[in-house]
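S.K.: Provided herewith is a single structure, encoded as structure tokens, for subsequent inquiry.
Where a number appears in this text, it was derived from the coordinates with a stated rule and is not lab data. Every value quoted in this text rests on a predicted model; they were computed, and no experiment measured them. Methodologically, a virtual Cβ is constructed for each residue, glycine included, from the backbone with ideal geometry; neighbour enumeration extends over all protein chains shown.
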Amino acid sequence: MNIKKVLLLGGTGFIGASLADQLTARGYFVTVPTRLRERGKHLLILPTVDVVEADVHNAEVLLGLAKEHDAVINLIGILHGNFEREHAQFPKLVAETCVKANVARLIQMSALNADPHGPSVYLQSRGRGEANVLAVAKANPTLQVTMFQPSVVFGENDKFLNMFVGLVKMFPVIPLGSANAQFQPVWVEDVARAIADSLARSETFGKTYRLVGPRVYTLEQLINFVVSLTGKQRVVIGLGPSLSMLQAAVFERLPGKLITRDNVRSMSLPNISPDPFPAIFGPASDMEAVVTGYMREDSGRAKYQNLRNSAGR
């Protein structure tokens, strides 16, 4: 399969930025559509990336974009909002659009534990999205699909560990809902590498890959790891199931929705995999080694960022 031009949906986001970088390093020409071009300004330094303003939820607009490309990668996903629209119906539209545009390669981002019958609306919508894409591919054998199901993804600009950093810096006592929830964090660069490597590899066609790091952590262990990096003394109090739901019910009404009851329901299932990171894409990086390199208060990068922050930059 000769792939030169890639349409990257969700390319302005956390994972998308890393993936765009890795795709350009491999010589692909990448188009990143976004409602506001300003959101993609951080991608403009990449030599073969074109950021365009477009509403990809408009079927005609999406078709026009897809026709100009050899492959489509859909990373679009949300933690709050209309899950059915973004996770179930939009992937179906993307797959159908690929067929109409004669695009033979589609990579779809999903999530660990995606299941139409899962415990949360989030996981149910992810499961329906997978089923919708696979149904289109089954009816159109020329469409080659690869599915990725990552655990929680961490990285320098993530909204997961960095959220914990904010909590640790603000509060001396942290009441922690779902403290025993299990995760297998995977580095964003490893996720991006797997997707980029799979693009033109025929052995990945029709496959679903779980992307996980080498170690399993409870949520409480992750918080304590962040505490150790900040050098602060903090008390973490794990909450039981009822108090976890009560906490989420309060937080989901606050600006930013730190956590919701649907998030708690998702965390009722271990966000881990019995299989390691797929060997076909190389080894996964150790979270503690990676994060320590960029998050320690006394690290060179952290000091540089602190100087930038103090200067208002």
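S.K.: So which residue, out of ALA131, ALA95, ALA289, gets the largest mean-square fluctuation from a GNM of the chain using Cα contacts under 10 Å as springs?
M.R.: Greatest mean-square fluctuation among the candidates belongs to ALA289.
S.K.: Moving on to the next point. Could you work out which residue, out of LEU112, LEU63, LEU36, moves most in a Gaussian network model of the chain, that is, has the largest mean-square fluctuation with Cα springs under 10 Å?
M.R.: Comparing LEU112, LEU63, LEU36 in a Gaussian network model of the chain, the most mobile one is LEU36.
S.K.: Can you compute the modelled spin-label distance between ILE237 and LYS207, with each label point 7 Å from Cα toward Cβ, in nm?
M.R.: Between ILE237 and LYS207, the simple spin-label model gives 4.8 nm.
S.K.: Which GluC sites (Glu not before Pro) in the range 41-79 sit in a loop by DSSP (not H, G, I, E or B) and have at most 12 other Cβ atoms within 10 Å of their own Cβ?
M.R.: GLU68
S.K.: Could you point to the label whose value was computed as semi-axes √(5λ) of the Cα gyration tensor in Å for the structure here, given (1) 33, 23, 18; (2) 30, 28, 16; (3) 37, 20, 17?
M.R.: Here semi-axes √(5λ) of the Cα gyration tensor in Å agrees with entry (1).
S.K.: Hey, got the dipole for the range 227-277? About the Cα centre, +1 on K and R Cβ, -1 on D and E Cβ, debye to the nearest 20?
M.R.: Here the range 227-277 has a charge dipole of around 240 debye.
S.K.: Let me ask another. Once whole DSSP H runs in the chain are found, which of them have Cα atoms spread over 24 Å or more along the helix axis and a mean Kyte-Doolittle score of at least -0.5? Each step should come with its number before you reach the end.
M.R.: Details: long enough: 121-139 (27 Å, 0.06).
For the chain, where a helix must reach 24 Å along its axis and average at least -0.5, the hits are 121-139.
S.K.: Based on the Cβ-Cβ distance of VAL61 and ALA249, what FRET efficiency does E = 1/(1 + (r/R0)^6) give at R0 = 35 Å, to the nearest 0.05?
M.R.: Efficiency, rounded to the nearest 0.05: 0.35.
S.K.: Fully extended, how many nm does the chain gain between VAL165 and ILE78 (0.36 nm per residue separation, minus their Cα-Cα distance)?
M.R.: 29.2 nm
S.K.: Divide by every residue of the chain the summed helix terms, -39500 (n - 2.57) for each DSSP H run of at least 4, and state the resulting mean residue ellipticity at 222 nm, rounded to the nearest 500 deg cm²/dmol.
M.R.: -11500 deg cm²/dmol
S.K.: Pairs LYS41/LYS232; LYS4/LYS257; LYS41/LYS67: which are spaced more than 30 Å apart, C-alpha to C-alpha?
M.R.: Exceeds cut-off: LYS41/LYS232; LYS4/LYS257.
S.K.: Now for a separate question. Once the convex hull of the alpha carbons of the range 58-159 is built, what does its volume come to per residue, in cubic angstrom?
M.R.: So the per-residue hull volume is 107 Å³.
S.K.: May I pose another question? Net charge within 12 Å of ASN102 by Cβ-Cβ distance, Lys/Arg positive one each and Asp/Glu negative one each, not counting ASN102 itself?
M.R.: Here the count lands on +1.
S.K.: For the chain, with only Lys/Arg (+1) and Asp/Glu (-1) charged at the beta-carbon, what is the dipole magnitude about the Cα centre, in debye rounded to 20?
M.R.: Working: 33 positive and 27 negative charges, 78 e Å.
Once rounded to the nearest 20, the dipole reads 380 debye.
S.K.: Sticking with this structure for a sec: Just to confirm a number: summing +1 for Lys and Arg and -1 for Asp and Glu over residues other than VAL250 whose beta-carbon lies under 12 angstrom from that of VAL250, what do you get?
M.R.: Details: positive: ARG253, LYS257, ARG261; negative: GLU252.
My count for the surroundings of VAL250 gives +2.
S.K.: Could you give the dipole magnitude of the range 1-87 about its Cα centre, charging the beta-carbon of Lys and Arg +1 and that of Asp and Glu -1, in debye to the nearest 20?
M.R.: Magnitude of the dipole: close to 200 debye.
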